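J.: This is the structure, below, for whatever I ask next.
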Amino acid sequence: MVRKYSKKPGDQLEIANKRIEILFCQADKIFSEDSSLADRYVDLARKIAMKFKISLKSEYKRKFCKHCYKYLRPGSNSRVRTQTGKLVYSCFSCKKFSRFPLK
């Protein structure tokens with residue numbers, strides 16, 4: 001049995017994209033005061049993207065850990081290093097790595 005999913009209307013997708021952008025900006029601003037609130041904003045942005053089947057921009061994907069979903073700020077709770085052709089983000093809370101290709 002094949003399921004068919006209907007596309008969401010374009011105006012709803014624009015609102016969802018705008019909301020995701022706002023949530024990541026707010027997470028960036030509030031991180032120094034309350035990191036758990038920044039993690040909550042990332043969680044909400046991910047849930048909106050999943051609900052509307054929107055893929056997050058690559059700049060947003062690099063701002064949170066793929067394993068524990070914590071907001072990452074290089075220097076305070078993560079480390080960024082370069083390897084051969086890759087950027088490696090290390091999360092200090094779960095001790096895991098995320099690798100992204102360099103352009």
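The values are calculated or read from the model by the stated rules, or taken from the named source; none is laboratory data. Source: prediction; values computed, not measured. Virtual Cβ from ideal backbone geometry, glycine too; neighbours counted across all protein chains shown.
J.: How many residues are modelled with pLDDT under 95 and touching a Phe, Trp or Tyr at 6+ places or on another chain (Cβ under 8 Å) when one looks only at region 50-60?
T.: So the count comes out to 2.
J.: What are the residues in region 1-49 that are small (Gly, Ala, Ser) and either within 22 Å of SER78 (Cβ to Cβ) or modelled with pLDDT of 95 or more (or both), if any?
T.: Matches in region 1-49: ALA16, ALA27, SER32, SER35, SER36, ALA38, ALA45, ALA49.
J.: Then there is this: Within the group LYS18, LYS63, LYS51, LYS7, which residue is basic (Lys, Arg) and within 24 Å of LYS95 (Cα to Cα)?
T.: Only one candidate qualifies: LYS63.
J.: So the check is Cβ under 9 Å with 6+ separation or different chains; which pairs have a first residue in region 19-42 that's closer than 11 Å to TYR60 by Cβ and a second one that's loosely packed, with under 12 Cβ neighbours inside 10 Å and not hydroxyl-bearing (Ser, Thr, Tyr)?
T.: If the second residue must be loosely packed, with under 12 Cβ neighbours inside 10 Å and not hydroxyl-bearing (Ser, Thr, Tyr), the pairs left are PHE24/GLU59.
J.: Only residues that are of a type in the set (A, V, I, L, M, F, W, C), farther than 10 Å from TYR71 by Cβ and surrounded by 13 or more Cβ atoms within 10 Å (Cβ to Cβ): list them for region 24-44, please.
T.: Across region 24-44, the qualifying residue is only LEU44.
J.: OK, next. Tell me the residue from MET1, MET50 that is among the aliphatic types (A, V, I, L, M), surrounded by fewer than 16 Cβ atoms within 10 Å (Cβ to Cβ) and not in a helix (DSSP H, G or I), please.
T.: Going through MET1, MET50 in turn, the sole match is MET1.
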